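The values are calculated or read from the model by the stated rules, or taken from the named source; none is laboratory data. These figures come from a predicted structure and were not determined experimentally. Accessible surface is based on the protein model in full, side chains and every heavy atom, while ligands, DNA and RNA are left aside. Shrake-Rupley method; radii C 1.70, N 1.55, O 1.52, S 1.80 Å.
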Amino acid sequence: MTKRIGRAWAGLVLGMVGAVTAVSDASADCLRRVYNRSGLVVVARQDGGRPATLLPGQSLSMRLSRPGQIDVSAYCGIPGAGGAPVLQRTFDYEAVLDRCFVRFGSNLFVPQLGRGFFGTQETAPFTVNNPRQGDIILGPAAQPACPMPGAVLNRRG
């Protein structure tokens with residue numbers, strides 16, 4: 001074997017090792033947000049991890065790097081002070097290569113019409129996949145049944 005052929009083989013092997021390393025590092029790793037635009041206190045938890053509390057007007061960044069779940073609860077007052085959540089939802093999300101989004105809707109006609117065409121899974125009062133795919137918003141239109149008048153917090157403090 002000549003030096004030229006040996007170098008060609010070495011270059012080919014090194015190129016393949018580099019390609020395998022680059023492919024194995026591929027992941028979604030999308031930064032998405034949970035927004036609290038309501039007058040409630042929101043608690044968000046990703047994949048059963050530590051809960052994060054969002055006061056009115058705040059948002060929280062979450063790194064979506066694989067399929068999982070986001071649990072979102074809304075309280076009239078301080079969470080954990082003996083009160084139960086007035087709103088509670090669990091959203092499944094996908095994070096694959098270059099796409100991160102919250103899954104909802106049925107699988108009926110997915111290839112033809114897309115997921116969520118038929119409203120078989122309601123997300124209200126939360127808005128999902130807006131303003132970006134993977135975002136979750138509790139908007140100002142959320143009108144829970146709070147036990148005490150004035151228990152809903154004001155954004156302005």
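Please report the carbon-and-sulfur percent of the accessible area for the range 63-105; probe 1.4 Å, protein heavy atoms only, DNA, RNA and ligands left out.
49 percent
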A chain fully extended from residue 97 to residue 66 at 0.36 nm per residue, minus the present Cα-Cα distance, gains in nm 10.3 nm
